[in-house]
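The values are calculated or read from the model by the stated rules, or taken from the named source; none is laboratory data. Keep in mind that what you see is a predicted model, and the values were worked out from it rather than measured. Heads up, the Cβs are rebuilt from the backbone with ideal geometry, glycines too, and the neighbour counts pull from every protein chain shown. With ligands, DNA and RNA removed, areas are computed over all heavy atoms of the protein, side chains included. Shrake-Rupley method; radii C 1.70, N 1.55, O 1.52, S 1.80 Å.
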Amino acid sequence: MCIAFVTSATIRDFTADDRLAATALSSRGVEVRPIVWSDGGIDWMGFDAIIVRSTWDYHTRSAEFREWIDRLDAMGAPLWNPASVLRWNMEKSYLRALADAGVAVVPTEWLPRHASIELRPLLDERGWTDVVIKPTISATAFRTWRVSAADASSAHDHLAELLAAGDAMVQPFIKEIQTNGEWSLVYLGGSFSHGVRKRPRGKDFRVQSEYGGTATGDLPGDSLLRAARRVLDAAPHPWLYARVDGVETAEGFVLLELEMLEPSLFLSTSEGAPARFADAVIRVSLKD
């Protein structure tokens, strides 16, 4: 059995997280190769499973990446997560579908590309005093910033530049991120695997390690797991992996993102996680 872990041209090799999974697969007699998604010379049908992992440049090459998904889908390649799930998850507008299904999603104002928006009146209308703005196609806090209502007028040019490039979204800042931290609940092969608590550095709002954020293993309570299951029940199926990101507030769990395209799975935070991921990968490989 030979499996591709799909990466990007800027990485090319396994990430530290994926190396743990590759080692677990190798111990089960499975060959794993890191493959760059944009490499035009790859025989994708030569793999028993194609696992999208660290394609962390997709948001800067979204049209090309979508074409790659469509091409593999058309040839019937064993892509995981499946093409339909990847397309659905590429743009954060999927949050609208989850909200319509009854999931508690952080309130969002959706701004179409080339829209002419005055930010301060928008925030006044929504009653928001502190917001986060980002593109609807983004990763690792790409072009994401936080602004207060008092400073909204000074952000006009920045927002106009963002909207010139694509759709954007505005959300109220969830203050509990800086106190309770942000949860990442990792599901592998349909089942809960492990939980991670992510915290920003100092007064920052970004929990990614690139900005000094930390991630430590933590055990979620039953109410949190029930909330995550409601999210997953409303998402498209089937899937190999999913990461439910959200915050516990006084009103309950609020979903920030459902990562089903290329999330870090934080395998190093849970002793059995690499083995669980390896077993899930083998199951979908045999299924195909």
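Among residues of the stretch 50-105 being modelled with pLDDT under 95 and among the aromatic types (Phe, Trp, Tyr), the one that is least open to solvent (accessible area, probe 1.4 Å) is 58.
Scanning the stretch 186-219 for residues that are at pLDDT below 85, closer than 19 Å to residue 268 by Cβ and surrounded by fewer than 20 Cβ atoms within 10 Å (Cβ to Cβ) gives 208, 209, 210, 212, 213, 214.
Can you say whether residue 204 is free of Cβ contacts under 8 Å to residues at least 12 places away in the same chain, closer than 30 Å to residue 156 by Cβ and not β-branched (Val, Ile, Thr), as far as the supplied structure shows? In short, yes. Listed conditions (1) modelled with pLDDT of 95 or more; (2) open to solvent by 10 Å² or more (accessible area, probe 1.4 Å) are all met by residue 246, apart from (2). Taking the stretch 1-24 as the range and being of a type in the set (Val, Ile, Thr) and more than 17 Å from residue 283 (Cβ to Cβ) as the test, the residues that pass are 6, 7, 10, 11, 15, 23. For the stretch 25-140, the strands (runs of 3 or more DSSP E) that sit wholly inside it and include 2 or more residues that are under 21 Å from residue 285 (Cβ atoms) and β-branched (Val, Ile, Thr) are 31-36, 49-54. Residue selection: residue 125 satisfies the criterion of being at pLDDT 90 or above and open to solvent by 60 Å² or more (accessible area, probe 1.4 Å). None of 226, 230 is under 23 Å from residue 87 (Cβ atoms), open to solvent by 60 Å² or more (accessible area, probe 1.4 Å) and part of a helix (DSSP H, G or I) except 230. Being basic (Lys, Arg) and under 30 Å from residue 283 (Cα atoms) is true for just one of 197, 201. Which residue is that? After applying the criteria, what remains is 197. Just to be sure before I move on: is residue 245 without any contact (Cβ under 8 Å) to a residue 12 or more places away in the chain, closer than 29 Å to residue 96 by Cβ and of a type outside the set (Gly, Ala, Ser) in the structure I sent? So residue 245 fails the test.
Among the residues making up the stretch 131-180, those that are out of contact with any Lys or Arg (no Cβ under 7 Å at 6 or more places or on another chain), open to solvent by 40 Å² or more (accessible area, probe 1.4 Å), more than 30 Å from residue 219 (Cβ to Cβ) and not small (Gly, Ala, Ser) are 142, 151, 156, 157, 158, 161. Put simply, of 183, 110 the only residue that is more than 27 Å from residue 197 (Cβ to Cβ), at pLDDT 85 or above and surrounded by 13 or more Cβ atoms within 10 Å (Cβ to Cβ) is 110.
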